[in-house]
1. Give me the residue from segment A:41-68 that is touching a His at 6+ places or on another chain (Cβ under 7 Å) and farther than 15 Å from A:H89 by Cβ and, out of that set, farthest from the other protein chains (Cβ to nearest Cβ).
2. Return the residues of segment B:136-186 that are touching a residue at least 24 places away in the same chain (Cβ under 8 Å), among the charged types (D, E, K, R) and under 23 Å from B:D60 (Cβ atoms); say none if nothing qualifies.
3. Name the single residue that is modelled with the highest pLDDT among those in segment B:1-43 being over 17 Å from the mean Cα position of the chain (by Cα) and among the small types (G, A, S).
4. Considering only residues that are among the polar types (S, T, N, Q) and within 11 Å of another protein chain (Cβ to nearest Cβ), look in segment A:123-148 and name the one that is surrounded by the fewest Cβ atoms within 10 Å (Cβ to Cβ).
5. Condition first: in contact (Cβ under 8 Å) with a residue 40 or more places away in the chain, among the basic types (K, R), farther than 19 Å from A:G152 by Cα and away from chain A (no Cβ under 14 Å). Can you find one or more residues in segment B:62-75 that meet it?
6. Cβ-Cβ under 6 Å, sequence separation 6+ or interchain: first residue in segment A:48-73 and farther than 16 Å from B:V147 by Cα, partner of a type in the set (V, I, T). Which pairs?
7. Are any of the residues in segment A:111-120 in contact with a Cys (Cβ under 9 Å, 6 or more places away or on another chain), within 14 Å of another protein chain (Cβ to nearest Cβ) and not in a strand (DSSP E or B)?
8. Among the numbered criteria (1) within 12 Å of chain B (Cβ to nearest Cβ); (2) in a loop (DSSP other than H, G, I, E, B); (3) crowded, with 19+ Cβ neighbours inside 10 Å; (4) touching a residue at least 60 places away in the same chain (Cβ under 8 Å), which one does A:L98 miss?
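The values are calculated or read from the model by the stated rules, or taken from the named source; none is laboratory data. Note that this is a predicted model, so its numbers are computed, not measured. For neighbour counting, all protein chains shown are included, and Cβ atoms are generated from backbone atoms with ideal geometry for every residue, glycine included.
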Amino acid sequence: MNEYRATNPAADLLAPGAAAPDFDLPATPDGNNLRLSTLRGKPVVLVFYPADWSPVCTDQLSLYNELMPEWQRFNAELLGISVDSIWSHKAWAKEKKLRFPLLADFEPKGAVSRAYGAYDEASGMSERALFVVDHDGKISWSYLSPINVNPGADGILAALESLASPVAR
Amino acid sequence: MSPRQSYHAPRLTLPAGARDHIRGPIDARVTLLEYGDYECPFCGAAYPVVKQLEELMPTDLRFAFRHFPITTLHPHAELAAEAAEVAGSQRRFWQMHDWIYEHQDTLEPGDLRRAAGTLGLDLGQYDADVESHRFAPHIREDFISGVRSGVNGTPTFFINGVRHDGDYELETLVDAVRTALLAGAR
């Protein structure tokens with residue numbers, strides 16, 4: 001399995017058409033969790049990323065932060081997910097002024113990332129992977145980026161556009 | 001890197017045209033377009049390289065600039081972009097653009113306004129345009145056009161509409177522009 005993954009890391013990334021595995025992850029240090037299924041009815045963008053504080057993740061998530069009006073235009077929720085603790089998320093989000101939730105796939109470590117086929121066993125971190133989940137909780141688009149490459153936002157926007165006509169501005 | 005598919009560099013979805021700030025010969029065979037952020041240190045490092053490149057290729061190359069401010073990381077970038085656009089509406093875009101990249105450490109509102117005065121802008125109009133964010137929609141249009149063209153950070157260059165994925169050392173850019181010239185000559 002691991003050997004195969006090394007040559008084709010996208011092999012077990014959940015593909016379009018699959019049901020998005022539900023999860024219930026800590027979203028804030030004071031005990032608030034976020035459950036994916038409560039967002040049913042609107043598109044959800046899941047952004048798995050390796051680590052808070054790392055340079056590529058900072059660039060990538062700052063770009064998504066700059067695009068908040070676009071996500072709102074599609075009535076979409078964007079969620080960041082990594083194995084960092086909720087306290088690291090809190091400090092990083094404050095430092096970088098991130099305005100969307102960061103979820104802690106911390107305990108059991110990486111369980112949600114694994115369920116999406118977006119966990120790198122070797123490094124013990126989430127992969128840099130993107131998913132668009134449709135109104136019914138089905139994956140409509142997924143993308144695995146090389147770990148050191150910021151995938152940008154074009155693929156996400158194209159996927160949201162193809163999902164439905166955007167909410168009137 | 002995933003071996004799933006062959007790689008194609010992203011293309012510019014909004015071609016360089018009348019809406020853009022472009023300098024250099026109108027009939028140049030190569031257009032170098034940069035998406036840049038005025039407070040980004042990497043863009044600051046690329047600035048003199050682009051100038052050298054323009055000096056090396058005065059007839060074949062023209063240069064266009066679009067805004068790609070990441071405002072949370074660079075809190076001065078948006079106002080600087082607006083200041084450059086105001087200057088552009090008074091036919092001094094490139095003077096302000098150059099001033100900003102030569103003064104990246106001093107981009108407070110008062111600094112930009114003083115620069116506007118030094119460049120001979122109508123300061124009453126400058127104040128009104130900054131106050132009303134007259135050019136914010138244009139800057140946002142630049143930004144979104146970049147996002148849709150595969151820009152994920154700054155600086156990102158496009159050469160004749162194709163994203164340049166190499167570094168921005170002078171030699172690299174000279175090679176890339178020459179390659180585009182050859183491709184165009186075929």
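1. Step by step, filter segment A:41-68, then rank; the result is A:G41.
2. B:R163, B:D165, B:E169
3. Ranking the candidates gives B:A28 first.
4. Per the stated criteria, the residue is A:N148.
5. yes
6. Between residues of segment A:48-73 that are farther than 16 Å from B:V147 by Cα and residues that are of a type in the set (V, I, T), the close pairs are A:F48/A:I81.
7. Within segment A:111-120, none of the residues are in contact with a Cys (Cβ under 9 Å, 6 or more places away or on another chain), within 14 Å of another protein chain (Cβ to nearest Cβ) and not in a strand (DSSP E or B).
8. (4)
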